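Since the structure comes first, as structure tokens, the remarks are kept for the end.
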Amino acid sequence: MALTTRVLTLVSTLALAGCATTRFAVLEGALVGDRLATGTEMAGVRVSRPGEAPDVVPGLDLRKGDRIVTGADVGALVTLDAGYQLILEPNTDIEILNPSLFMRAGQAFVQTLEKVREYLKLKTEFAVAGVEGTQFVATVGPDDMSVSVVEGHVKVESPTGSWPAKVYGPTEQGQVTRTSAPVKMAPLDAARLDTFRARFKTAAALRASLRGTGVRGTSGPGTAVPGSARPPDDTVRVPDLSRLDERRAADLLRDAGLVVGHTSTVESASLEAGTVARQDPAPGKIVRRGTPVQLVIAEAPATCVVPTLRGQTEAQARSILERRHLKLGRVQQSGGESSPSDTVTEQRPRPGTKVRCGTPVDVSIPASIR
């Protein structure tokens with residue numbers, strides 16, 4: 001009987017351990033302006049969780065899949081165990097994907113803490129912002145996303161790989177729309193830069209005050225979070241350099257405390273010439289400061305395959321050819337075929353032909369439409 005009881009107890013303990021869910025972040029509290037919310041003001045922040053309705057209180061452990069929505073007048077202060085702190089301004093909708101975040105709307109102030117444990121990516125419908133060792137502000141609207149960098153660098157990538165990655169440095173701003181690649185905006189002016197810096201200082205001060213009170217999540221003050229060990233101070237995390245041009249990659253390595261190692265090239269028809277195709281060590285690896293990172297840089301292949309241009313506009317044809325390391329040649333007016341729009345009806349060389357990269361491709365477009 002005693003043996004049966006011990007077995008049942010062990011089974012129950014293992015079952016409970018298997019049900020334990022890893023914490024990825026902490027909701028430090030709600031924000032009203034520059035202060036922490038009190039009393040019923042916490043109701044301005046909602047946290048939805050699959051199959052559960054957690055009580056929204058300061059120190060709430062946040063898990064993968066949790067969705068945080070702030071109200072019209074209330075923001076939120078969130079600390080990620082990966083080593084980042086967020087201010088979610090009012091009317092912000094964000095989901096924790098560990099350690100990445102998916103932002104549907106609103107504005108988020110993102111800054112690293114003393115030491116980051118994982119490379120953070122802020123994902124949106126329009127773009128993915130990769131950040132390490134920086135302060136930046138991301139704003140997401142119905143049809144666009146903008147990034148304003150206060151310190152460090154932010155790499156903005158296409159979710160589908162449809163345009164080359166862009167890197168923005170201190171005081172730089174960029175915008176991505178539903179239909180366009182990133183464009184650089186006017187730099188942050190002194191007044192706005194001061195406003196952003198003041199907001200980051202507010203977050204740091206509030207976090208420091210909370211650490212003094214012991215409000216650090218429902219795991220309890222002083223409780224170690226599984227997997228939250230940070231690398232030693234003489235080590236750094238290798239940044240993601242993929243699709244960056246060689247100069248930008250070197251800048252990012254220097255900022256991270258690393259150096260450019262051996263550089264080689266590889267032919268690529270899918271990557272923009274002069275951008276990073278591969279790197280070693282891989283992104284996210286923990287290495288000693290000063291470690292050389294080997295780069296493989298993409299170059300245009302010796303031969304290219306002519307793509308199909310029929311049905312494309314002149315501008316679209318030019319863009320397609322440039323991505324394939326070819327160029328648009330003569331645009332001839334054809335009178336023997338009608339078309340519902342200004343689109344290509346014939347081309348030379350034919351689709352599928354292998355030619356030397358840089359070869360011009362001639363096209364015909366109906367004269368009556370042009």
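Sorted on the mean count of surrounding Cβ atoms within 10 Å across their residues, most packed first, peptides 302-308, 325-331 read 325-331, 302-308. For LYS354, the lysines whose Cα falls under 21 Å of its own Cα, not counting residues fewer than eight places away in the same chain, are LYS327. Within region 269-284, list the residues whose amide N lies under 14 Å from a label point set 7 Å along Cα→Cβ of ARG247. Flagged as within label range: 274-275. Taking a straight Cα-Cα cut-off under 24 Å and skipping sequence neighbours fewer than 8 places away in the same chain, the lysines within cross-link reach of LYS201 are LYS115, LYS121, LYS155.
When peptides 136-142, 283-289, 344-350 are sorted by average Cβ neighbour count within 10 Å, with the highest value leading, the order is 136-142, 344-350, 283-289. Computed extension gain for GLU52 through LYS285, at 0.36 nm per residue and net of the alpha carbon distance, reaches 80.4 nm. Of all aspartates and glutamates in the structure, the ones whose alpha carbon falls short of 15 Å from that of LYS184, not counting any fewer than 8 places away in one chain, are ASP144, GLU157, GLU172.
Just so you know, all these numbers are worked out from the coordinates, no wet-lab data involved. It should be emphasised that the depicted structure is a prediction, and the values quoted were computed from it without experimental measurement. Cβ: placed from backbone, ideal geometry, glycine included. Neighbour counts: every protein chain shown.
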